[in-house]
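The values are calculated or read from the model by the stated rules, or taken from the named source; none is laboratory data. The model shown is predicted, which means the values in this text are computed figures rather than measured ones. Cβ: placed from backbone, ideal geometry, glycine included. Neighbour counts: every protein chain shown.
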């Protein structure tokens, strides 16, 4: 039996409402330390709201959750987590170097540590030759890579990546997943949201989200087997139909 300490994320009936709209509904989620967990579903399924609650950006309406052993919301975990939103958090009026240093100062990195981390990360995301380039001159894909490097500057234990490959060309999407797998090998836990079903095969486990709750959760191959489908997109549709049928019976 897995103890609670072995989970990076553990939620208990967590719900988030915006007035009369329920974005996340009574959701129980367990993400093991050192795994890549993918939240998959269409726009409006509640994926971004879920990530923002786990990152202590917004508060849940009800229920509770623990992130890295701390009950959230809790500012103490900010130094242990990295959050990459859908919109790149890159300042266009700064160079790549200045962007990284800006985020490094937020986490009180010393000068020597900052330089070391910056050089490592720019090599990691293949941008070492662009260190002193203005961010406004970079391509969209390059800005995404700078945003990822900024998210990693303080060596977080847990990464929240919200649709990190939206608008990214297929070749760069492959590169991003190579980065994510390398991070996992270093022991970093990753919670990633996406609506690209083909990307889910890279995750250790995935949760299909629909209308604010999980409709299925398991390793990708297990979900294919359970649904009797050949693709994760078809598997999602199958579980969605089952969920709708279950709700109709319940009503």
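The set of residues in the range 59-81 being free of Cβ contacts under 8 Å to residues at least 60 places away in the same chain, part of a loop (DSSP other than H, G, I, E, B) and touching a strand residue (DSSP E or B) at 6+ places or on another chain (Cβ under 7 Å) consists of 60, 61, 72. Take residue 191 and tell me if it is more than 17 Å from the chain's Cα centre (by Cα), buried (at least 17 other Cβ atoms within 10 Å of the Cβ), touching a residue at least 24 places away in the same chain (Cβ under 8 Å) and within 24 Å of residue 8 (Cβ to Cβ). No: the conditions fail for residue 191.
Among the residues of the range 1-39, those identified as more than 15 Å from residue 208 (Cα to Cα), at pLDDT 95 or above and assigned to a loop (DSSP other than H, G, I, E, B) are 33, 34, 35. Among the residues of the range 155-168, count how many are buried (at least 21 other Cβ atoms within 10 Å of the Cβ) and either in a strand (DSSP E or B) or more than 13 Å from the chain's Cα centre (by Cα) (or both). So the count comes out to 5.
Among the residues of the range 51-72, those that are crowded, with 16+ Cβ neighbours inside 10 Å and out of contact with any helix residue (DSSP H, G or I) (no Cβ under 8 Å at 6 or more places or on another chain) comprise 51, 52, 53, 54, 55, 63.
Against the condition more than 18 Å from the chain's Cα centre (by Cα) and at pLDDT below 90, how does residue 63 come out, does it pass? No: the conditions fail for residue 63.
If the condition is being within 11 Å of the chain's Cα centre (by Cα) and surrounded by fewer than 23 Cβ atoms within 10 Å (Cβ to Cβ), then the range 37-50 contributes 37, 48. Pairs linking a residue in the range 2-24 that is closer than 14 Å to residue 59 by Cα to a residue that is modelled with pLDDT of 95 or more and loosely packed, with under 13 Cβ neighbours inside 10 Å, with Cβ atoms under 8 Å and 6 or more positions apart or on different chains, are 13/62; 14/62; 15/62.
Has the range 170-177 got at least one residue that is within 29 Å of residue 45 (Cβ to Cβ), at pLDDT 90 or above and part of a helix (DSSP H, G or I)? Yes, there is a match, as at least one residue in the range 170-177 is within 29 Å of residue 45 (Cβ to Cβ), at pLDDT 90 or above and part of a helix (DSSP H, G or I). Scanning the range 178-229 for residues that are under 15 Å from residue 40 (Cβ atoms) and part of a loop (DSSP other than H, G, I, E, B) turns up 195, 196, 203, 204, 211, 212, 219, 229.
Before we move on, is residue 136 more than 30 Å from residue 30 (Cα to Cα), over 21 Å from the mean Cα position of the chain (by Cα) and either surrounded by 14 or more Cβ atoms within 10 Å (Cβ to Cβ) or in contact (Cβ under 8 Å) with a residue 60 or more places away in the chain (or both)? The answer is no for residue 136.
On the stretch given as the range 40-56, residues that are touching a strand residue (DSSP E or B) at 6+ places or on another chain (Cβ under 9 Å), assigned to a loop (DSSP other than H, G, I, E, B) and closer than 27 Å to residue 231 by Cβ total 5.
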